[in-house]
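The values are calculated or read from the model by the stated rules, or taken from the named source; none is laboratory data. A quick note: this is a predicted structure, and the numbers were derived from the prediction, not measured. Ideal geometry is used to build each Cβ from the backbone, glycine not excepted, and the neighbour counts take in all protein chains shown.
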Amino acid sequence: MVLRSTSGGFLSLDPTTPAWETELTPMNRSDQALPQTFSVATLTLVLLMMIIALEAQAGNAVVLWLLGFHLHRNAFSIYILNLGGADFVFLCCHIIGSLEKLITSCHSSSSPIPSFFTTVLTFAYLTGLSFLSDISTEHCLSDLCPIWYRCHHPKRLSAIMCALLWALALLLSTLEGKYCGFLLMDFNRI
């Protein structure tokens, strides 16, 4: 970046040099430039994603702690507890993926994440979306038919639905990872 002095004595940045094209030149112990393996934009996005995921993990941990051990359980708290668990797994996979991107961008060697992390990430994502739709359905049912919901709603229906949604999401993500994952494989290794 070039600084130019203006007539008022102020310094301003040269508008022709984009900020994203700034190059970092790391040096090793023998003062030789290391090969550039990452861009500033990629590093910024990965770090931002890591920070947001870690803050969300703290919030999910509080939700899991309160709903798991301290509050009385009803139909909605069971759904929220399971949604917090699915989000916790989803964010763990994102944090592991971001750490892998940071490690491969700082070092020239790559350590690929095993393929089952993609299946776990898909599993947690599908489960979270399923719980959100089930919470909405349950809420609509309690508003449209409040007397039936209060008197005739089965007590264990939310726990049964959560177990079914976990199993269905596991089945779908496993099938997707097994039968559709071949499109993402690198055939040069075979």
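Some points to look at:
- Apart from one condition, residue 98 fits all of (1) of a type in the set (Ser, Thr, Tyr); (2) more than 24 Å from the chain's Cα centre (by Cα); (3) under 21 Å from residue 58 (Cβ atoms); the exception is (2).
- Those residues of segment 142-161 which are surrounded by 12 or more Cβ atoms within 10 Å (Cβ to Cβ) and under 10 Å from residue 75 (Cβ atoms), in sequence order: 142, 149, 153, 157, 158, 159, 161
- Residue that is modelled with the highest pLDDT, among those in segment 65-91 that are among the polar types (S, T, N, Q) and surrounded by fewer than 17 Cβ atoms within 10 Å (Cβ to Cβ): 77
- Positions within segment 125-180 being of a type in the set (Lys, Arg) and not in a helix (DSSP H, G or I), in sequence order: 155, 156
- Flag for residue 110 being polar (S, T, N, Q), assigned to a helix (DSSP H, G or I) and at pLDDT below 90: no
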